[in-house]
Amino acid sequence: MGDTEDTIVYRLGANCSLDEVEEGKTYLGRVQGFAPFGVFVQLNDRVKGLVHKSNVKVQHSERDPIIVHVLQIRSNGNIDLEEVTPTVYQTENVTRTTTTVQIADIGKKIGRTVLIEGEIAQIKQTSGPTIFTLVDASGTANAAAFVEAGVRAYPEAELGDIVALTGEVMQRNNQLQIEVSSMTVMEPEDAARVRERIDAALDERAEPPDLPFLVESEVLEALRPQMRKVAKEIRKAVLTARPIILRHHADADGICAAVAVEQAVTALIRESGGDFDAEFFLFKRSPSKAPFYEIEDITRDLDFALKDNVRYGQKMPMILLMDNGSTEEDMPSLKVTRIFGLPVMVVDHHHPDEIVDDYLIGHVNPYHVGGDYGITAGMLGTEVARMVNPAVENQIRHLPAIAGLGDRSEAPERARYLAVAAPEYSEDDCRDIALALDYEQFWLRFSDGREIVKDILNLSGEPERHERFVHLLVEEANRAIEEQVETNMPHVESRMLPNGAHLFMLDVELFAHRFTFPPPGKTSGEVHDRLVRQHPGEPVVTIGFGPDFAVLRSRGVMMNIPQMVRELRSEIVGGGVNGGGHLVVGSIKFVEGMRDVVIDNLIKKIGEAPI
């Protein structure tokens, strides 16, 4: 064979079979192995032939590239090759005429061989085959490749690669799975073409439907663009098999916001294909004890994410913060997310600090559009959840009313959401459910209590059990609250402030039961409510304090707790002051030795606040 510039060497595509190989043509292959009579050569993962030892020109090692000429294709499919060594040649790709099949259509191809072009979203090594999760423009599918038990198949393929995969569509345990016969990482040019196609289709599929809100609200309408952006990113994460970690404040409002999104996302994951239990490892809901994203929270989340990335080949997750995430207190954790490349979004109604937005890809907060904390996280979360998956609306439409009552919203939207929940849920029903959530979450601590919470919110399909369970929890919670408040009230100290407000103070460390329900924050709130009823129409501020913390509740005094915290931190050297919350509801931490100084200065600022 002559070594001329006219020599053409063909590169057999990953999806090609013996039908695309022609006698007399020259192909680029790879050495597969050796035998006494010659060298085995792979033209691709599906086609191989033999170079007889008499036709070997150069000594080779396994997996070396080799150029071969097809001498003969025998009737039994064996290919006789000879090695050639052209010094100058042109290469041309050979592609199979088989049309690429969309993942969404493989259900119609059971028992047939298909070609899929897609992105590797997960690589899970089992004790048997390697399971590749593929994403294309239409959906998600699992493909099983087997070399030998527990051995990684196609080690050259990595998370995020664009591949051409050929295999037979099988149904195992009522799930579709592709049995891989060949898989090749696509060349950069072809990969870019496929990725562009996938990205364009995913962008279109991820676009949320344009729905009216459950209630009329100028604030919600102003927030619609950011809400749609957050919903789109959530949908895109599901469609690309990116895990989602949802962190939320552990109270009724935060739980309602998070569970609404949980219902929408898990249903969407089930619709998108993949493993039958994908909703359990692609979505994780975790309560945060504080109303901000603590270092303890990000440490736990990062630990799980890195382990899942290494052990199960999962992508690093998206972080969604609900009823927290908007304030300067979140910054240490947000800085960690940036180092590890974790995209973060926030749906919150705490007074925001502008500095956090540099670390977020989406931020829904009513303060950004002239609203305030009266539009609760549960209201926002439910509307975002409807955008993510409208199919769950009937399940979650009562959650904003529960959140509004649980967070004591005075916004006009509260009454409108109560009207949406009625007649199935009265105002008293919603208030009871909110209290049951607070009570049960106290005992759940850091656990999400996924199925328990669904029972409390009547999402488990057991309405009679829901009613009985909520009734019991409310009975126990009210008994504990009544006992705590009765114990506290004789120890409440009062004074009048220069601005005319009543100030009430209670040492919840000395005069309240510790480590039980209600905790200090709720204890202070219940005491505050009783004091407000005793002084109708008058401005009232209640401070519940311990050795190194204080919780504040206000009615009629226009405080700005986040601003007060910042001022105290700069003014009191060595005080270790931090904290935050809403404008008139919040908490402050400090070092124990500086308690008197911090509280005295705090009281002074409250006394200067307008009525």
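The values are calculated or read from the model by the stated rules, or taken from the named source; none is laboratory data. Predicted model only: the values in this text are computed from it and were never measured. Here the Cβ is made from the backbone with ideal geometry for all residues, glycine too, and neighbour counts use every protein chain on show. In case anyone asks, the SASA skips ligands and DNA or RNA and just uses the protein heavy atoms, side chains included. Shrake-Rupley method; radii C 1.70, N 1.55, O 1.52, S 1.80 Å.
For region 407-417, the criterion of a residue being part of a loop (DSSP other than H, G, I, E, B) and open to solvent by less than 10 Å² (accessible area, probe 1.4 Å) is satisfied by at least one position. Taking first residues from region 66-89 that are over 12 Å from Asn55 (Cα atoms) and hydroxyl-bearing (Ser, Thr, Tyr) and partners that are in a loop (DSSP other than H, G, I, E, B) and open to solvent by less than 80 Å² (accessible area, probe 1.4 Å), the Cβ contacts under 7 Å between residues at least 6 apart in sequence or on separate chains come to Tyr89/Thr7. Exactly one residue among Gly29, Gly49 is in a strand (DSSP E or B), at pLDDT 85 or above, in contact with a Pro (Cβ under 9 Å, 6 or more places away or on another chain) and open to solvent by less than 80 Å² (accessible area, probe 1.4 Å), and that residue is Gly29. When each of Ala141, Ala153 is tested for being surrounded by 13 or more Cβ atoms within 10 Å (Cβ to Cβ), touching a Ser or Thr at 6+ places or on another chain (Cβ under 6 Å) and not basic (Lys, Arg), the lone residue that passes is Ala153. State which residue is surrounded by the fewest Cβ atoms within 10 Å (Cβ to Cβ) when the search covers only region 340-370 and only residues that are within 16 Å of Met322 (Cα to Cα), β-branched (Val, Ile, Thr) and more than 15 Å from the chain's Cα centre (by Cα). Among residues in region 340-370 that are within 16 Å of Met322 (Cα to Cα), β-branched (Val, Ile, Thr) and more than 15 Å from the chain's Cα centre (by Cα), the one surrounded by the fewest Cβ atoms within 10 Å (Cβ to Cβ) is Val356.
Condition check for Phe446 on (1) surrounded by 15 or more Cβ atoms within 10 Å (Cβ to Cβ); (2) out of contact with any Ser or Thr (no Cβ under 6 Å at 6 or more places or on another chain); (3) under 25 Å from Gly579 (Cα atoms): one failure, at (1).
The set of residues in region 198-218 that are under 17 Å from Ala237 (Cβ atoms) and among the charged types (D, E, K, R) comprises Asp199, Asp203, Glu204, Arg205, Glu207.
Those strands (runs of 3 or more DSSP E) of region 87-150 in which 1 or more residues are among the basic types (Lys, Arg) occupy 113-125.
In region 87-108, how many are closer than 18 Å to Arg46 by Cβ, at pLDDT 90 or above and open to solvent by 50 Å² or more (accessible area, probe 1.4 Å)?
Residues meeting the conditions: 0.
For Tyr373, the criteria (1) open to solvent by less than 40 Å² (accessible area, probe 1.4 Å); (2) under 30 Å from Val420 (Cβ atoms); (3) out of contact with any Asp or Glu (no Cβ under 6 Å at 6 or more places or on another chain) hold in every case but one, which is (1). Name every residue in region 226-266 that is within 20 Å of Gly374 (Cα to Cα) and open to solvent by 10 Å² or more (accessible area, probe 1.4 Å), in order of residue number. Once the filter is applied, which keeps residues that are within 20 Å of Gly374 (Cα to Cα) and open to solvent by 10 Å² or more (accessible area, probe 1.4 Å), region 226-266 yields Gln226, His249, Ala250, Asp251.
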